[in-house]
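Only one structure is covered here, and it is reproduced in the block below.
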Amino acid sequence: MAVDAAPTSIDELLQHIRPAVRERSEYVVDMPEGITVKLNQNESPLGLPEDLKQELLDAYAQVEMNRYPSEQPDDLRRALAEYDGVDPDQIIVGNGSNEITYTFGLAFLDPGDPVVLPRPMFSLYEKVMRLQEADLTSVPPREDFGFDADALAAAAAETDAVLTILTTPNNPTGLALTLDEIEQVVVASSGFVVVDEAYVEFNPEGSAVELLDRHPNVLILRTLSKGFGLAGARLGYLVAHPAVVQELVKARLPFMVDRFAEQTALAVLERPALIEDRVQRIQASITNLTETLQNVNGVKVVPSQANFVIFTTPAPADVLQDRLANCGVLVRNMGGYPELEGYLRVSAGTEAENNAFLGALEKSLCEDVPDLDT
């Protein structure tokens, strides 16, 4: 016998979604119409060479798309292990480093667990930790926007943090920690320390991978989106102690890396000269961009160890961002980070893209700055 019941409203249904989810906002990057120069997401401006694209097209014809991939792409794990001088059983490959970040939350955190996050830092980390209802300790930066290693080490020790996150070079500032500063935090921590090295290829300080031999609580996170130029392939990886890797795999969804993405990464890894050339060209691009900005009247630049740079001008950041977008150039407004209110971020582009940005900037700064008091 059917039972009549009042229909459930959508508002009532939404109450069944965890408050920790409903309180967050979705991750959205605006893409206005009319943009011809996109310098807002720290991407590589350099696409794959045509001969490599053709090789990948040929490889695609051999990929068995009707078959599931391996849970972990073993050929790619071996190639990445050789690239970093570690063992394959120290590596987890993921669907971008962001996917592995979510795995950290699932594997390490129960509600109320202490986590230490420096600021300003890539906002996804705070989002993941709040979704897990962690107890966050936020450590402010030094006056130059660099991470305060002494304060981070003290916070990790005092809170007995389960997880401490370091991004070096840091997005959004472009500033890197020294190896000694990283180790200072690691030694002070009884829990795990994630060292996110998304921009390591551009970092003169080098990698913290050598710390793995001395400190089993170190987790090195990498991406193929930046120096490798494979943002569209969605590939990232973790390097950690084999016993930690074995446990983390239990918290992951299976089959996160598709067969063609693996083939693409392997093809690029087989061309170390191509990677080195791309990194050098991007480094030259950001150096040129930084030096030119430093010579623009009224512009203040934070020197960067990544593939982007942040800067301020006499114009309000939101006004200048709109003016640049009207010229077809897209940059990122850093106003979402309280410490960086008034700053814009621009990624290294090709010579033509940099020139377009600089030309649009000069034009935009010539316009009258609005009087915010009226």
If the chain between ASP322 and ASP89 were fully stretched, how many nm would it gain, using 0.36 nm times the residue separation less the Cα-Cα distance? 79.1 nm
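Starting with the fewest neighbours, write out ASP51, ASP148, ASP196 ranked by other beta-carbon atoms found within 10 Å of each beta-carbon.
ASP51, ASP148, ASP196
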Around PHE228, what is the net charge, scoring Lys/Arg as +1 and Asp/Glu as -1 over all other residues with Cβ under 14 Å from its Cβ? -2
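For the chain, which DSSP H helices look membrane-span-like by this rule: Cα extent along the axis of 30 Å or more and mean Kyte-Doolittle of at least -0.5?
Working: long enough: 272-294 (33 Å, -0.23).
Length and hydropathy pass: 272-294.
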Once you place label points 7 Å from the Cα toward the Cβ at ALA273 and THR350, how far apart are they in nm? 2.3 nm
Among LEU269, PHE145, PRO216, pick out the residue whose Cα is farthest towards the positive end of the charge dipole of region 64-270, where Lys and Arg carry +1 and Asp and Glu carry -1 on C-beta, about the Cα centre. LEU269
Which one, PRO204, ALA155, TYR237, projects farthest toward the positive side of the charge dipole computed for region 64-270 from Cβ point charges (K/R +1, D/E -1)? TYR237
So, in nm, how far is label GLU143 from label TYR68 when the simple model puts each one 7 Å beyond its Cα toward the Cβ? 5.8 nm
Hey, got the dipole for the chain? About the Cα centre, +1 on K and R Cβ, -1 on D and E Cβ, debye to the nearest 20? 460 debye
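Counting Lys and Arg as +1 and Asp and Glu as -1, each charge on the Cβ, what is the dipole of region 64-270 about the Cα centre in debye, to the nearest 20? Working shown, then result.
On the way: 14 positive and 33 negative charges, 138 e Å.
With only Lys, Arg, Asp and Glu charged at Cβ, the dipole is about 660 debye.
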Pairs over 29 Å Cα to Cα, from LYS38/LYS250; LYS38/LYS127; LYS38/LYS363; LYS53/LYS300; LYS127/LYS250; LYS53/LYS250, come to LYS38/LYS250; LYS53/LYS300; LYS53/LYS250
When the helix-only estimate is applied to the chain (DSSP H runs of n ≥ 4, each -39,500 (n - 2.57), divided by the residue count), what is the mean residue ellipticity at 222 nm, nearest 500 deg cm²/dmol? -11500 deg cm²/dmol
Could you derive backbone 3J(HN,Hα) for region 110-118 from the dihedral phi with the Karplus parameters 6.51, -1.76 and 1.60 (θ = phi - 60°), listing whole Hz in sequence and x where the residue is Gly or Pro? 9, x, x, 5, x, 9, 10, 10, x
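Take every DSSP beta bridge whose two residues both sit in the chain, then give the antiparallel share in percent to the nearest 5. Intermediate results must be reported in sequence, preceding the final value.
Working: 17 of 35 bridges.
Rounded to the nearest five, the antiparallel share is 50 percent.
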Report the residue, chosen from LEU320, LEU253, LEU340, that carries the largest GNM mean-square fluctuation when the chain is represented by alpha-carbon nodes joined by springs under 10 Å. LEU253
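Please give the contour-minus-distance gain from LYS38 to LEU124: 0.36 nm per residue of separation, less the Cα-Cα distance, rounded to one decimal in nm.
Values: separation 86, 0.36 × 86 = 30.96 nm, distance 2.14 nm.
Net length gain for the segment: 28.8 nm.
Report the net charge of residues surrounding PHE145, where surrounding means a beta-carbon distance below 15 angstrom and charges are Lys +1, Arg +1, Asp -1, Glu -1. Before the final figure, lay out each step's value.
Numbers: positive: ARG119, ARG142, LYS300, ARG345; negative: GLU143, ASP144, ASP148, GLU181, GLU339, GLU341.
Taking every Cβ under 15 Å from that of PHE145, the sum is -2.
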Return the distance in nm (one decimal) between the two label points of a simple spin-label model at ALA157 and PHE260, each offset 7 Å from Cα along Cα→Cβ. 5.2 nm
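Count the DSSP beta bridges whose two residues both fall in region 64-270, then state the antiparallel fraction as a percent rounded to the nearest 5.
Numbers: 8 of 24 bridges.
In region 64-270, DSSP labels about 35 percent of beta bridges as antiparallel.
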Given a 10 angstrom Cα cut-off, can you work out which residue in GLU12, GLU353, GLU26 is the most mobile in a GNM of the chain? GLU12
When the chain is treated as a GNM, springs tying every alpha-carbon pair under 10 Å, which of VAL200, VAL187, VAL63 comes out with the largest mean-square fluctuation? VAL63
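Just so you know, all these numbers are worked out from the coordinates, no wet-lab data involved. Just so you know, these numbers come straight off a predicted model, no measurement behind them. In this analysis, Cβ positions are derived from the backbone assuming ideal geometry, glycine residues included, and neighbour counts consider all displayed protein chains.
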